[in-house]
Amino acid sequence: MAALLRLESSTKSFGGLLANREVSLTIETGEIVGLIGPNGAGKTTLFNCITGYMHPDTGRIVFDGHDITHTRPERICHAGVARTWQVVRAFGRMTALENIVCGALQRTNRIAEARARARDLLQFTGMQGRGDMPAATLTLADKKRLEIARALATRPKLLLLDEAMSGLTPTETTAAVKLVRRIHEEMGVSICVVEHVMEVVMPLSHRVVVLDYGVKIADGAPDVVVRDEQVIRAYLGERRAHR
Amino acid sequence: MARIALVIGALAAILYPIPLQLQGTTYYQTVGFLVLVNAMLGLGWNVIGGWAGQFDFGPQVFFGIGAYTAALLYVKLGVDAWLGLLGGVVVAAVICAVLTYPLTRLRGHYFAISTVAIWMIVQPIGATWEYIGAAQGLFIPVKTHNTILGAALSLQFSGPTKALGYYYAALVLFAVTLALMAWVERSKLGFYFRAIRDDQEAAEGIGIDSRLYKVIARSITAAVFAAAGVLYAFWALSVFPEQVFELNWSTLPIMATVVGGIGRLWGPVLGAAILIPISQIMSTMLGTGPLAGRGIDLIVYGLIIIVIAAFRPTGLLSLPWARWFRRERAVVA
């Protein structure tokens, strides 16, 4: 079976710093993949390469049968990849509803249709009643949900969530995890989550990919990956790994 | 409430010059003409500067291109003014698209500087190109028409009804521009422009081609400036570089837009309706008499703008009018 997304030894360096070094991975249709790794491991760089904000120096990225290695972000969105941002990037001076309308207009030119879809997604993400608020005035949790709604409005096949749960309270995190599950189950969207919080990623993901210093060091089922010696070393340091 | 205000405003704009005309004056019709021209230019600038959030300080280039195109068509080929207006609009929009596409690689201050740079390049071209009359420019021969219809159809008003005729011509073009902008604001374009203004990366992430939509935004601005340029050319009966590429063709509308409310449909209209009469009144009140020629009028005018900008940087329309009138619900633009 052809994978939905396939990275073939993608390498990206900034000057002398190798942010991603020959990273190969696949995401199958219907999967939730967790992408983890310590700070500076190259997770966001990988996201930026997949979504076209950066292009790999060498290697290839194939999405849904199309080579998107050097494609621009808006074309990649059109192909069916949507993302959220580590630092939220809502359209601050537009209302919450208008933010989502902008996403929905990717698939229709009719404002009324886009508005209807935006209202559905506002409901779906649990933001009903906040549609007319300027996005800049929303709480962090709502801004993150708004980004997810806006991304979903573009009808993606693959959704990339860059730390959608960092900075949230435990209650908000639980709600966010529930939302990600519902996106997967009810909308049939494949998902890749970048996350620091292990307690979130492990139960949520079907498969976990671990990056360390730009290199993929593990790729497998969550319970296997947490026992991997290299992963433990990357997260907890040398001494713990030898015990 | 909003609809009633619109009807009252439209009636006031239509009836305004009639009592003045009956009194036999023409001065205030010309002030009205200038208000409408600047309101129209402000509406045009609001697209690139307000909605798309890209600071363009060189739209006067397209004011000039519109004026030259229509004047050339009229003088060299005898093409009618309104057809010339259409031609000027198309030529300006196309040239703008070609010039702006490479500029969209630049962002923020660098985009702003590059629009000024293009204006600086265009000026000497206009001043030295023989075919378009170089520094002398082009003169549009007056054609007198016996009927109002004939005058209106050729955009050539003269004699005691000249100011009145051009007032209504400006009103028509202003109304068309306003209607077009109201449509743009609510269309996909309006959403995409504002998305790019608020966050270009995020906009690209949801499938918006930021470079394409910036080019579209600036071409709409250019089209409006070109239309106003054509109107001005036939009013002035001449087109020469110093006049049509004058910096005031962008600074006045930009100030009007900022004072009225940047990024709001009616912002430039309100701003022009306030600033242009003030500048005219100041120059008649303070520009004559013992203080004449010392620029006191411009100093006072500048101070008024500074006061508004300091106390309400988001523009007069952003004041809580709805709360003060307690009727309309708050609308966030």
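We did not get these values from a lab; they are worked out from the coordinates using the rules stated. Bear in mind that the values here come from a model prediction, so they are computed numbers and not experimental data. Using ideal geometry, Cβ is built from the backbone for each residue, glycine included, and neighbour counts are taken over all protein chains shown.
Structure above, values below:
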read-out: Residue with peak Gaussian network fluctuation, chain B [Cα springs, cutoff 10 Å], from B:Thr30, B:Thr104, B:Thr284; value: B:Thr284
read-out: Hits among lysines - C-alpha to C-alpha of A:Lys12 under 24 Å, sequence gap 8 or more where chains match; value: A:Lys43, A:Lys216
read-out: Selected from B:Trp324, B:Gly137, B:Tyr101, residue furthest toward positive end of dipole (chain B; charges at beta carbon); value: B:Trp324
read-out: Unit charges on C-beta of K, R, D, E only; dipole of the protein assembly as shown, Debye; value: 900 debye
read-out: Rounded to the nearest 20 debye, dipole of region B:110-230 from Cβ charges on Lys, Arg, Asp, Glu; value: 340 debye
read-out: Chain B: DSSP helices with Cα axial extent of at least 18 Å and average Kyte-Doolittle hydropathy no lower than -0.5; value: B:2-15, B:27-45, B:60-77, B:81-103, B:109-128, B:162-186, B:210-236, B:267-286, B:296-311
read-out: Residue among B:Asn38, A:Ile76, B:Gly58 farthest towards the positive dipole end of the protein assembly as shown, charges placed on Cβ; value: B:Asn38
read-out: Selection from A:Thr137, A:Gly214, A:Pro203 lying farthest towards where the dipole of region A:136-243 points positive, charges on Cβ; value: A:Thr137
read-out: Contact order relative to length of region B:1-86, as percent, for alpha carbon pairs under 8 angstrom and 6 or more apart; value: 12 percent
read-out: Helix-only mean residue ellipticity at 222 nm for chain B, each DSSP H run of n ≥ 4 adding -39500 (n - 2.57), per residue, nearest 500; value: -23000 deg cm²/dmol
read-out: Cβ-defined net charge surrounding A:Ser190, 10 Å radius [Lys, Arg +1; Asp, Glu -1]; value: -1
read-out: B:Ser158, B:Ser238 arranged by Cβ crowding within 10 Å, fewest neighbours leading; value: B:Ser158, B:Ser238
read-out: Mean-position separation - Cα centroids, region B:1-80 and region B:261-277, in angstrom; value: 12 Å
read-out: Exposure proxy order (Cβ contacts within 10 Å, fewest to most) of A:Val224, A:Val101; value: A:Val224, A:Val101
read-out: Net dipole in debye of chain B [+1 Lys, Arg Cβ; -1 Asp, Glu Cβ; about Cα centre; nearest 20]; value: 740 debye
read-out: Peptide B:186-193 - average C-beta neighbours from other chains (10 Å radius); value: 4
read-out: Total formal charge among the other residues, if their Cβ is under 11 angstrom from that of A:Pro38, Lys/Arg +1 and Asp/Glu -1; value: +1
read-out: Under 5 Å, built H, 5+ apart or other chain: amide partners of A:Val215; value: A:Arg21
read-out: Shielding by partners - mean other protein chain Cβ count within 10 Å, residues of B:194-201; value: 6
read-out: MRE, 222 nm, helices only [DSSP H, n ≥ 4, -39500 (n - 2.57), over chain A, to nearest 500]; value: -11000 deg cm²/dmol
read-out: Percent RCO, i.e. relative contact order, over region A:48-168, from Cα pairs under 8 Å lying at least 6 residues apart; value: 32 percent
read-out: Over region A:90-155, relative contact order from alpha-carbon pairs under 8 Å, at least 6 apart, %; value: 50 percent
read-out: Top of A:Glu22, A:Glu31, A:Glu74 by mean-square fluctuation, Gaussian network on chain A, Cα under 10 Å; value: A:Glu74
read-out: At R0 = 45 Å, FRET efficiency that the Cβ-Cβ distance of B:Ala236 and A:Asp120 yields, to 0.05; value: 0.25
read-out: Set A:Lys143/B:Lys188; B:Lys162/B:Lys188; A:Lys178/B:Lys214; A:Lys144/B:Lys214 screened for pairs whose C-alpha atoms are more than 30 Å apart; value: B:Lys162/B:Lys188; A:Lys178/B:Lys214
read-out: Residue order, fewest to most beta carbons within 10 Å, for B:Lys214, A:Lys216; value: A:Lys216, B:Lys214
read-out: Max mean-square fluctuation residue, GNM over chain B, Cα-Cα springs under 10 Å, options B:Ala81, B:Ala272, B:Ala226; value: B:Ala81
read-out: Length released on extending from B:Ser158 to B:Ala5, taking residue separation times 0.36 nm less the Cα-Cα span; value: 51.7 nm
read-out: Centroid-to-centroid separation of region A:13-63 and region B:169-213 [C-alpha atoms, Å]; value: 34 Å
